[in-house]
Amino acid sequence: MSKKYKQTLLSGISRRKFIKYSSLAVGSGILASCTGGGTSSTGDEDLGENPIKVGVMYSTTGSIAIVEKSLQDATFLALEQINTDTGPWQGNGVGIEGRKIQKVVVNPNSDWDLYNQMSKRLIDEDRVVCVLGCYTSASRKSVLPVFEEKDSLLYYPVYYEGNECSSNVFYTGAAPNQQITDSIPYCKENFGPKGFFVGSDYIYPKESNRIAKAELEKAGGQVVGDEYSPLGTTEFITIINKIKQAKPDFVLSNLVGDSIPAFYRQYKDAGLTSDAVPIMAYPTTEEEIQAMGSEYATGHYTSFNYFQSVDTPQNTAFVEQFKAKFGDSRVTNGVMEAAYIQTFFMAQAMRDALQKGEELNTGTIREASRGQTFSAPQGQVKLDPDNYHAYLYSRIGKWNADGQAEIVFATPAAVKPIPWSQVLYKGRECVHKTPDDRSNSVVETGKDLEVQYLEET
């Protein structure tokens, strides 16, 4: 993040405003009061006796709200279904073994420092048993020391750059081998060898592009440009002119948030077409395409685990249920689906722990989470019991004029996650030997790690 942009976010945030940010879930009109005793009111229905308190930490204001609001909405849908024995939870009873979930909602306003402060508040004051939240790697990196120091659990639903092996995080978004590894060879084979890389200026886009560069060079391709803009930037004429001068075969975009619609609009307005120089993106989803207008994305590509167009009975139900709750004009997207499925991973783990007569705490939930499976909208998925990442499908979608993706590539089943890019760190993997082992879990094998798929049941 640029110093200027960070100062803009933080300027004028008095103690009074900070408390306001830490207690308002703006997008939903839900108040989470900041009380020392941790008895937060979330405006939920009657939760009965002894509800289970869970933190929900997504930005509904600021530059990342364009997508984080959708993650919060999907989380709210899942929690409602768990509390009412509907949707995928139907047949499991109301709540978790009769105990409903009380969501404690905070809005960090797209500010990394506020994520850190609010995670402390959720754990220390609200006494939540775990937290569902974060979007950018910058926000995850901001809160990670808090969760590790306090030995609490974060369920993180977003594709990321990898290179992490924490026993305090369950990663339900794509690892590099579930998004980058297949997409770069696809670009080289279908568009040509020369790639121009763009991204927002923080850790995920830079690290993701570093992996993609290595993959492209391994495939015999060439990087002809590499440009970054501060998060929230909406002016891209200079970068677009550099793209024109470099004459790449494709552009790889790791722009995030409000920058995405601005870049695509200016790209087309500058005369660059998907036929001549297609964009392959990772962060661009149905949400951003709806915001920009589908005509600006038509013919471009996204590599993701899930698209609204995925043809499964579970996805048909998910899309219908989401639209019924939030409006028929809304779209679903990949990070939203990951936020949805991780909520069920969490609920299943809580159910299993309670059925054993255990208390709900970090140790029991962590142990029960390992190896959880779920019939997700994208297909059957699983939390890897060794590295706490999720088995996910790898897919590539080509955007149509209706704002939906034609899936042009898909793995036959969910892919076993590998947190470290094997093109950069051959043989490096993450293995948590036991649930409570918080020692260094990085294992150096020095060997090529084979692609493994989840066997569907």
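What nm value, rounded to one decimal, do you get for the distance between Asp85 and Arg210 when each label is placed 7 Å out toward the C-beta?
So the two model labels end up 5.1 nm from each other.
How large is the accessible surface per residue of the chain, computed with a 1.4 Å probe and reported in Å² as a whole number?
On the way: 16850 Å² over 457 residues.
I get 37 Å² per residue for the chain.
Which trypsin sites (Lys or Arg not before Pro) in the range 318-383 pass both tests, a DSSP loop state and at most 11 other beta-carbon atoms within 10 Å? Can you show the working numbers first?
Numbers: sites: Lys323, Lys325, Arg330, Arg351, Lys356, Arg366, Arg370, Lys382; in loops: Arg330, Lys356, Arg370.
Sites meeting the loop and neighbour criteria: Lys356.
Using the beta-carbon distance between Ala276 and Asp311 and R0 = 35 Å, what value does 1/(1 + (r/R0)^6) give for FRET efficiency, to the nearest 0.05?
Working: r = 31 Å, r/R0 = 0.88.
After rounding to 0.05, the efficiency reads 0.70.
Report, ordered by chain and residue number, the aspartates and glutamates lying within cross-link reach of Lys416, taken as a straight Cα distance under 17 Å and ignoring same-chain residues fewer than 8 apart.
Counting by Cα, and skipping residues close in sequence, Lys416 has these aspartates and glutamates nearby: Glu161, Glu164, Asp182, Asp384, Asp386, Glu429, Asp448, Glu450, Glu455, Glu456.
Measure off, as a whole percent, the carbon and sulfur share of the 1.4 Å-probe accessible area of the chain, all protein chains present.
Numbers: 7760 of 16850 Å².
Using a 1.4 Å probe with all protein chains present, the chain comes out at 46 percent carbon and sulfur.
To the nearest 500 deg cm²/dmol, what mean residue ellipticity at 222 nm is calculated for the chain from DSSP H runs of n ≥ 4 alone, each contributing -39,500 (n - 2.57), summed and divided by the residues?
Values: 13 runs with 162 residues, N = 457.
Calculated at 222 nm, the ellipticity per residue is -11000 deg cm²/dmol.
Return a single number: how many Lys pairs in the range 180-281, at a sequence separation of 8 or more or on separate chains, have alpha-carbon atoms below 16 angstrom apart.
Step by step, the pairs that qualify in the range 180-281 add up to 11.
Roughly how many Å² of Thr61 are accessible to a 1.4 Å probe, to the nearest 10?
40 Å²
Could you pull the accessible area for Asp275 with a 1.4 Å probe, rounded to 10 Å²?
Accessible area, nearest 10 Å²: 140 Å².
Cα gyration tensor of the range 180-281, axes a ≥ b ≥ c as square roots of the eigenvalues: rounded (a/c below 1.5), prolate (a/b > b/c) or oblate?
oblate
Given the pairs Lys426/Lys447; Lys325/Lys382; Lys53/Lys120; Lys69/Lys325, which are separated by over 18 angstrom at their Cα positions?
Working: Lys426/Lys447 6 Å; Lys325/Lys382 27 Å; Lys53/Lys120 15 Å; Lys69/Lys325 14 Å.
Cα-Cα > 18 Å for Lys325/Lys382; rest within.
Taking square-rooted eigenvalues a ≥ b ≥ c of the alpha carbon gyration tensor, is the range 342-444 rounded, prolate or oblate, where a/c under 1.5 means rounded and, failing that, a/b exceeding b/c means prolate? Don't skip to the end; give the middle numbers.
Numbers: a/c = 3.32, a/b = 1.39, b/c = 2.39.
Oblate shape, in that a/c is at least 1.5 and b/c is the bigger or equal ratio.
The values are calculated or read from the model by the stated rules, or taken from the named source; none is laboratory data. Predicted model only: the values in this text are computed from it and were never measured. When we count neighbours, we look across all protein chains shown, and the Cβ atoms used for this are built from the backbone with ideal geometry, even at glycine. Calculation scope for accessible area: heavy atoms of the full protein, side chains included, ligands and nucleic acids excluded. Shrake-Rupley method; radii C 1.70, N 1.55, O 1.52, S 1.80 Å.
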